[in-house]
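Take a look at the structure below.
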Amino acid sequence: MVSRFLLSILIISLYSCQIIDQPEIAPSFVHIQDFEFIINHSGQGSNSEDITDAWIYVNGNLEGVYELPATIPLHYDGTQELSIYPGIKRNGISGDRKKYPFYEVYSIEIMLYPDSIINLSPTTQYEDPLFMWIEDFEDPQSKLTSFATSDTDIQIIDQQSGETFEGDAGAINMDTNNIYCELRTNELDFNQFPKNINVPAYMEMNYANNYPFTIGILHKDGTLSSYTKQPLITMHPTSSDTNELTWNKTYLYLSDVTNFFPSATEFDIYISASNYQQQNNIKIRLDNIKVIYRQ
């Protein structure tokens, strides 16, 4: 009787050791250098992008978010469904990384092999349909107009200035004689901005500046005779060198502001800069402004 009991314990122990000591499967790896962003037609403007991250899904399960370039371990082998979503820094904040909702996911059926590296070159493009308003400063007249309180207007400069991103650009120049600049849009389509913080509306923009400027939302309802301003973000200088400006790309989440005004019937966007300390040689450069939301 005792010998059978001891034999049973021995068998269970050996079986348990086999379960515990099973060797782990070596991960498979995929390497992603960056995303290629594709423009399908001229109505989508520039192919400028700042895709910083890859959101990785295998068979619909989130495996992680990786800053690019990245070599990503995947604990799978064999044929798998891999989905890669382009990620951005919302409002330019490193701690606010999001999938960009207007870029399409890159999906591929892939054969994974343990302890091997597969190089991928994912592509993405805008979803369709989207509402898209573009100011790329390629027309003689800007869509941004100076407000009555502004003593500074926007100019359009070309590549010969040495201060453009691509093609022409919008230029705000201020010196000791310029105290305030305010530019506004006048677009009926902006009245359809979503008023739910979870419904996305973004403003994309390339910019270069040696002085802070503010971007905000203009809003009013039937009880107001004029717009009220609500700041969204202050853009800090990209460079302190007035002779060589550095260009950045940003994705601004307009719904951060519009959701506070559920009764608003009209919206627009403003860009402003205040020079109350009367500094000289202020330069703000803008290009490829896109306002995007789902129709």
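The values are calculated or read from the model by the stated rules, or taken from the named source; none is laboratory data. Quick caveat: nothing in here was measured; it's all calculated off a predicted structure. All Cβ positions, glycine included, derive from the backbone under ideal geometry; neighbour counts span all protein chains shown.
List of remarks:
- The single condition from (1) more than 21 Å from the chain's Cα centre (by Cα); (2) within 30 Å of PRO86 (Cα to Cα) that ILE197 fails is (1).
A quick yes/no check of all residues on (1) within 21 Å of the chain's Cα centre (by Cα); (2) more than 18 Å from ASN196 (Cα to Cα); (3) not polar (S, T, N, Q):
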position: LEU218; (1), (2), (3): no, no, yes
position: PRO231; (1), (2), (3): yes, no, yes
position: THR250; (1), (2), (3): yes, yes, no
position: ASN259; (1), (2), (3): yes, no, no
position: SER274; (1), (2), (3): no, yes, no
position: GLN278; (1), (2), (3): no, yes, no
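- Taking the criterion of being more than 29 Å from TYR253 (Cβ to Cβ) and in a strand (DSSP E or B), the residues of the stretch 109-154 that qualify are GLU109, ILE110, MET111, LEU112, ILE117, ILE118, ASN119.
- From the list LYS290, LYS229, LYS220, the one residue that fits, being closer than 19 Å to THR145 by Cα, touching a Gly at 6+ places or on another chain (Cβ under 8 Å) and either surrounded by fewer than 21 Cβ atoms within 10 Å (Cβ to Cβ) or of a type in the set (Val, Ile, Thr) (or both), is LYS229.
- Comparison of ASN91, ASN47, ASN119 shows that the only residue that is touching a helix residue (DSSP H, G or I) at 6+ places or on another chain (Cβ under 8 Å) and not assigned by TED's automatic domain parsing to the domain that holds PRO237 is ASN91.
- Number of the condition not met by ILE292 [criteria: (1) farther than 19 Å from LEU183 by Cβ; (2) of a type in the set (A, V, I, L, M, F, W, C); (3) out of contact with any Phe, Trp or Tyr (no Cβ under 8 Å at 6 or more places or on another chain)]: (3)
- When MET205, MET174 are screened for being crowded, with 19+ Cβ neighbours inside 10 Å and within 20 Å of the chain's Cα centre (by Cα), only MET205 passes.
- Candidates MET132, MET111, filtered to the one that is of a type outside the set (S, T, N, Q) and more than 16 Å from the chain's Cα centre (by Cα): MET111
- Residue count for the stretch 82-106 satisfying the condition of being loosely packed, with under 13 Cβ neighbours inside 10 Å and either small (Gly, Ala, Ser) or in contact (Cβ under 8 Å) with a residue 12 or more places away in the chain (or both): 2.
- Positions within the stretch 139-156 being hydroxyl-bearing (Ser, Thr, Tyr) and within 28 Å of the chain's Cα centre (by Cα), in sequence order: SER142, THR145, SER146
- Residue selection: GLU109 satisfies the criterion of being surrounded by fewer than 17 Cβ atoms within 10 Å (Cβ to Cβ) and either of a type in the set (D, E, K, R) or in contact with a helix residue (DSSP H, G or I) (Cβ under 7 Å, 6 or more places away or on another chain) (or both).
- Restricting attention to the stretch 232-260 and to residues that are more than 21 Å from SER142 (Cα to Cα), surrounded by 18 or more Cβ atoms within 10 Å (Cβ to Cβ) and out of contact with any Gly (no Cβ under 9 Å at 6 or more places or on another chain), the residue that is modelled with the lowest pLDDT turns out to be LEU245.
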